[in-house]
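First comes the structure, then the notes that go with it.
The values are calculated or read from the model by the stated rules, or taken from the named source; none is laboratory data. If you're wondering where the values come from, they're calculated on a predicted model, not measured in any experiment. Every residue, glycine as well, gets a Cβ built from its backbone with ideal geometry; the counts of neighbours run over all protein chains shown. Side chains are part of the model used for accessible areas, which takes the heavy atoms of the whole protein and leaves out ligands, DNA and RNA. Shrake-Rupley method; radii C 1.70, N 1.55, O 1.52, S 1.80 Å.
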Amino acid sequence: ITEELSNAAAEHGLMYAVDPASRGTCTLGGNLAENSGGPRAVKYGVTKDWVLNLEVVLADGTVIETGANTLKNSTGYNLTQLMVGSEGTLGVITRATLKLLPLPRHQALMLVPFTSAESACAAVAAIFQAGAMPSALEFMERDAVVLAQEFTGNHEPALGPEDAAHLLIEVDGFAPEDPMPQCERILPVLEAHGAGAVLFAESAAEKDALWFLRRRVGEAVKAASTYKEEDTVVPRGELPRLLHKVKALGTKHGFRSICYGHAGDGNLHINILRDDLDEATWNDTLTWAIRELFAEVVALGGTLS
């Protein structure tokens, strides 16, 4: 389990940087096969960035090592990167040598409300243009927060009547004074994009509560309805246009969507809920709606995650 490695590393003052939202249930083998990302990917990258070497069993039973247990390995083909994300089609991964980092022990975590979901998305690229480097930057539209609160029974923080979306922004560092200069770069950007009152998590318990809510959104959607999840990535500056397209398609075809994701990477999880849609709409009409969505993603310079 990925979280078990993270916890074991932390006991030694180290960090395994890959942090999928499902880290408490997903496995390292699955992460390697799928090249998993997560909230920290915006600063630290995805699984492929933290693999030095793999032991792999090929289809004919041959056992190979794809790299070397060294930081520099520039000889020959990069088989390690070929295997990571290959989903078992090229071989079975039986051992992995992973990189660790010193553990950043100081974080600041902000929950930021917006009256417009598109404004929240627009703030994302501007944060990076201001020179900030968050260790996580997550987007949740209002309905995603509502579902997570109902699913977990945790209704804090309370939602304001005009809150259309939230950004969850984390910055980290090694010294107590490291996070604040990052926050000082971010706050004027949030104000310029119409953000409401920023909630700073003041304690470890408050930080855990906010992350608990974010990490349960996926489970909350599953519990709410049969659904189709489309996982899309666009350049950060195109997030507002992508979100607008999703909602326009929902209006056009009569479906409800729940959007959230790793906004710092330009990654938007689009969950289309069945609710009371009939068979024809669910099985036929939605196929064309999703095709139109994917065409827009590609037109925006994006890809499917």
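A few comments on the model shown:
- Of all residues in the stretch 146-163, those satisfying the criterion of being open to solvent by 10 Å² or more (accessible area, probe 1.4 Å) and either among the aromatic types (Phe, Trp, Tyr) or in a helix (DSSP H, G or I) (or both) are VAL146, LEU147, GLN149, GLU150, PHE151, THR152.
- In the condition set (1) open to solvent by 30 Å² or more (accessible area, probe 1.4 Å); (2) in contact with a helix residue (DSSP H, G or I) (Cβ under 8 Å, 6 or more places away or on another chain); (3) over 17 Å from GLU3 (Cα atoms), THR66 is compliant with all but (1).
- Top-ranked residue in the stretch 7-28 [being over 18 Å from GLU138 (Cβ atoms) and of a type in the set (Ser, Thr, Tyr); ranked as most open to solvent (accessible area, probe 1.4 Å)]: THR25
- Qualifying position, being more than 19 Å from ALA41 (Cα to Cα) and outside the structural domain of GLU177 (by the TED database), among ALA120, ALA96: ALA96
- Total residues in the stretch 226-265 satisfying the condition of being more than 13 Å from the chain's Cα centre (by Cα) and on the phi > 0 side of the Ramachandran plot: the figure is 1.
- Scanning the stretch 133-145 for residues that are open to solvent by less than 20 Å² (accessible area, probe 1.4 Å) and either touching a Phe, Trp or Tyr at 6+ places or on another chain (Cβ under 6 Å) or not in a helix (DSSP H, G or I) (or both) yields PRO134, SER135, ALA136, LEU137, GLU138, PHE139, MET140, GLU141, ALA144.
- Within this structure, VAL189 fails the test of being outside the structural domain of ILE272 (by the TED database), part of a helix (DSSP H, G or I) and closer than 24 Å to ASP275 by Cα.
- First in the stretch 48-63 and touching a residue at least 12 places away in the same chain (Cβ under 8 Å), second anywhere and acidic (Asp, Glu) and surrounded by 11 or more Cβ atoms within 10 Å (Cβ to Cβ), Cβ under 9 Å, 6 or more apart: ASN53/GLU65; LEU54/GLU65; GLU55/GLU65; VAL56/GLU65; VAL63/GLU55
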